[in-house]
Amino acid sequence: MIVVISFQSFSQVTVKNLKCEYLENPIGIDEPHPRFTWQMELEKPGSHQTAYELVVGTTETGVALGRGDMWESGEVNSSVIPVLYKGKELEPFTRYFWSVRVKDEEQQWSAWSEPLFFETGMICQHNWKGKWITDTYDFNIKPAPYFRKEFDAGKTIKSARAYIAAAGLYELSINGEKIGDHCLDPMYTRFDRRNLYVTHDVTENLKQGQNAVGVLLGNGWYNHQSTAVWYFDKAPWRARPKFCMDLRITYTDGTTETISTGSDWKTALSPVIFNSIYTAEHYDARLEQPGWDEPGFKAENWRNIMLTGSPSQNITAQALHPVRNVTEIKAVDIKQLDENTWLYNFGRNMSGVTSMKVKGSEGITLRLKHAERLGADGWVDMSNIDVHYRPTDDSDPFQTDIFILNGKKENEFMPRFNYKGFQYVEVTSDKPVDLTKESLTAYFMHSDVPQTGSVNSSNQTLNKTWAAANASYLSNLFGYPTDCPQREKNGWTGDGHIAIETGLYNYDGITVYEKWLADHRDEQQPDGVLPAIIPTSGWGYHWANGPDWTSTIAIIPWNIYLFYGDTRILEQNYDNIKRYVDYIDRNYPSGITDWGLGDWVPVKSVTPKEFTSTAYYYTDALILAKTAKIFGKQDDFEKYLALTEKIKKAFNNKFLNRETGIYGTGLQTEQSAALHWGLVPDELKEKVAENLAKRVEADNKHIDVGLLGTKTILNALSENGYPQLAWEVASQETFPSWGWWIVNGATTFYENWPLDAGRDISLNHIMFGEINAWYYKGLGGIFPDESQPGFKNIKLKPNFVNGLEQFEASHNGPYGKIVSSWSRKGKTVEYKANVPPNSNASLWIEGKKIKVNGEDLNKNTAIKIAESDNNKYRLILPAGEYRFEIK
Ligand code: BGC
């Protein structure tokens, strides 16, 4: 008998970067239809996925073999991610495994991926067992409360999870050890509408037998004791911080036990004698209670807790990249200013905290003043950042931690419930103490979003400008985007949408923005109006909340859609965008609106508010119309498309001189905003662009714009025939320009153009940050394609500008790493493009003689020439790595 053994042949195709809900193996998610994403590894040019098969199941072994007892997608002929879970209803507190395999263009299947997992949390409010607890003090008392409970875990523990929700901030410890490496959990939300809970895997922290759980609560934005112009101390939700926790233990025998917050917990005041998210933290080491969170502690003077109400009826999972102390930064320099004062310089501006280690006698008090700049006398100067602070006495100095030593061993202090914006720290002691350069360490703290983009060039100022914008972007990302990490820490909407592309080219921010848009929905009035800052305690519904700022509701979801190809955020916010656009339509039936702030912090010229606000109104209506189309809502699509036409007509009738092609008085913001937001009639685009170019030349190739103009000026030039001029403006190093800050030592972006401006002078604002995104677009030419979003198709329109020898931009999009890079070799430009597997690129390129990977363009069979006209080409590039020589 002849036995024929057939081997199934697997091709090289493999998948990588598998994520669920844009997180790696997340635990504690409440989403009923989690999203799955992955990338293919490039096996050969043109590789792409023709089908996938995805399984979800309760056993790792089953899933590894391609069997899912929860869901088997079957073979789906699609190459698009994300894929949505469509299986059986997910149970709470359950780990599900998943695996995917993909079929390539040669009909070869990859192996099943190593199983990954996601784990559900509460799923539903009624699964909470714990009660909300607090202590008996009112919200004015300063010290932060400790809470503790001991319990006996009678059997061998298989796994354990802590689910903890807090109004305010918490630090959780078990058996004397802090749990996790997150900072400032849970993230800030509108506490009376929605609260976040965090899930921790605490399997390793518990032991069979006696255990102790400790919780320290901070005020955060919930109990804002500091007083400033936004009235957070008057927030309608304000109360003494509280929390609710379920510690769910699964034993090896399969049984579960939940240790919950309830009346048997004890509380006491902690050594954190004051904490304010806005100003600082004060710590008295003399009040430490060693062992307070360990078993066997004698909690003699501890009090009973108080049961209290839940802050809202909506407690949901915090499913986003956490805030962490991401980068440790050592002092570059220390100077003794007088007998008891030292100045630490950390060499760069940042958001975060410092950690002090010091030995000294009992009662010595150190004051650590954090500031962004020094005064002429060489001491720290806070006058640029404390202007909106309204202290009622001197007990809560701005950005100043106070640390009292206990005289025992080395004392260590790092605030737990605060962060600051700073480069310098002035440490003053009331008695002699020994400090060295190593006594103080800084931590750059921010939402720990993975980096997805980078830019590098032969121009050092460009490289530093790119890095400084990123430093400001991250300094302003704390689970919601802020304007600045020192003076305000407010979720200013305008700053948020202007920076969205800079954010998304560089960082994997989807989880943070989805959360922030949920904050938007919590804040929106029934009539559609949004506040200028989100979240808010109520401030911002009266001022600064016109479409030039609160268009976040449309612009953020739209950009997430473009960068990720994911419609969920548009779906979640569709009605909100509609309510918002309808509000403007009802109140400004002419199509022209002057509701807004205008071109904020301009260099000199001021564009009328009704010009910029109407441009944003148009943008929102257009996003709404396009979204309606995506979702097949034909009536809405037609209605809002008609609205965009009405607005455009009114706008052009009012501002455009059709003879001259000049908008208004022809300012940089006017000409460029009309072009960038698509308001210019097609036949006049060239003329309007030419007038913009003339204006810029007349302005000595320097910017004359404010915030809204920074979004449009470089893009409008480079996308309308003037990339060289755009580069000349972008690369200026004299006032007013971004380079001017950099050559004067900036490591972050500023809030104002002159270095000696009298107001609006934070040194860490992201609002002028669009130039960073422009490097990717205007020089690298990397654009998402609206018709195939998520960089399924990549638009590549590089500009090889004169005066720059070499440039490279890369972006790791949903399908993989896109690279666009060029350099000059004499008269030849060498251009390299990487197109990730399972995607294509359209490349616009110009040259008399073009070679690809060593051969003539015309001879290359992989590349399709879609258009060619007078040495100008539009090429279709399948996945692969390309090297062009262009003459
Ligand atoms: C903030 C800005 C914000 C502006 C709007 C300022 O105080 O720092 O970034 O957009 O107010 O008015």
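Nothing in this text is a laboratory measurement; each read-out follows from the coordinates by a stated rule. Note that the structure is predicted; figures quoted are calculated from it, not measured. Cβ coordinates were reconstructed from backbone atoms using ideal geometry, including for glycine residues, and neighbour counts include every protein chain displayed.
A few comments on the model shown:
- Net +/- balance of residues flanking THR14 in space, Cβ distance below 11 Å, scoring K and R +1, D and E -1: -2
- Rh by Kirkwood over Cα pairs, then Stokes-Einstein D for the stretch 253-359 at 1.306 mPa s and 10 °C, µm²/s: 82
- With neighbours defined as other Cβ atoms within 10 Å of a residue's Cβ, the residues MET306, MET767 order from fewest to most as MET306, MET767.
- Potential extension, LYS859-LEU287 segment - 0.36 nm per residue separation minus Cα distance: 198.0 nm
- Lys/Arg +1, Asp/Glu -1 at C-beta; the stretch 411-493 dipole; positive extreme among PRO485, PHE413, ALA442: PRO485
- Multiplying the residue separation of LYS207 and VAL606 by 0.36 nm and removing their Cα-Cα distance gives an extension gain of 137.0 nm.
- Residues in the stretch 377-398 reached by a label modelled at ASP338 [backbone nitrogen below 18 Å; 7 Å Cα→Cβ]: 377-382
- Ordering TYR815, TYR873, TYR564, TYR424 by the number of other Cβ atoms within 10 Å of each residue's own Cβ, fewest first, gives TYR873, TYR424, TYR564, TYR815.
- Segment ASP393-GLU106, extension gain: residue separation times 0.36 nm, minus the distance between their alpha carbons: 95.9 nm
- For the stretch 601-673: rounded, prolate or oblate by the Cα gyration tensor [a/c cutoff 1.5]: prolate
- Of LYS420/LYS711; LYS464/LYS604; LYS649/LYS685, pairs whose Cα-Cα distance is over 20 Å: LYS420/LYS711; LYS464/LYS604
- Cross-link check: pairs LYS687/LYS792; LYS817/LYS859; LYS792/LYS872; LYS88/LYS792; LYS797/LYS848; LYS266/LYS298 evaluated at a Cα-Cα cut-off of 22 Å; pairs beyond the cut-off: LYS687/LYS792; LYS817/LYS859; LYS792/LYS872; LYS88/LYS792.
- Per-residue Cβ neighbour counts within 10 Å put GLU683, GLU645 in the sequence GLU683, GLU645, beginning with the fewest.
- Members of LYS437/LYS489; LYS44/LYS849; LYS330/LYS357 lying beyond 18 Å, as alpha-carbon distances in this model show: LYS437/LYS489; LYS44/LYS849
- Kirkwood Rh in Å, taken over all unlike Cα pairs in the stretch 30-180: 19.2
- Charge dipole (the stretch 306-395, unit charges on Cβ, about Cα centre) - positive-most of THR365, ILE315, THR354: ILE315
- Gyration tensor verdict on the stretch 466-605 (Cα atoms; rounded if a/c is under 1.5, prolate if a/b is larger than b/c, oblate otherwise): oblate
- Protection proxy ranking of 670-681, 381-392 - average other beta-carbon atoms within 10 Å, highest first: 670-681, 381-392
- Taking the Cα atoms of the chain, the ratio Rg/Rh between the radius of gyration and the Kirkwood radius comes to 0.98.
- Part-to-part distance (alpha-carbon centres) for the stretch 648-699 and the stretch 789-831, which is given in Å: 29
- Fraction of beta bridges assigned by DSSP in the chain that are antiparallel (%, nearest 5): 95
- Simple label model, 7 Å out from Cα along Cβ direction - THR61 to GLN788, nm: 4.3
- The stretch 745-887 shape via C-alpha gyration tensor axes, a/c threshold 1.5: prolate
- Listed peptides 118-126, 863-871 by packing density, highest first (mean Cβ within 10 Å): 118-126, 863-871
- Label sites at GLN806 and LYS234, each approximated as a point 7 angstrom past Cα along Cα to Cβ, lie 5.9 nm apart.
- Magnitude of the charge dipole, the chain, Cβ model with Lys/Arg +1 and Asp/Glu -1, debye to 20: 860
- For the pair LYS827 and LYS86, label points projected 7 Å from Cα toward Cβ lie 5.8 nm apart.
- For LYS646, the lysines whose Cα falls under 18 Å of its own Cα, not counting residues fewer than eight places away in the same chain, are LYS578, LYS626, LYS654.
- In the chain, helical runs assigned H by DSSP with n ≥ 4 each contribute -39500 (n - 2.57); averaged across all residues and rounded to the nearest 500, the mean residue ellipticity at 222 nm is -6500 deg cm²/dmol.
- For LYS178, the lysines whose Cα comes closer than 18 Å to its Cα, not counting residues fewer than 8 places off in the same chain, are LYS149, LYS207.
- Between the stretch 552-616 and the stretch 402-416, the alpha-carbon center distance in angstrom: 49
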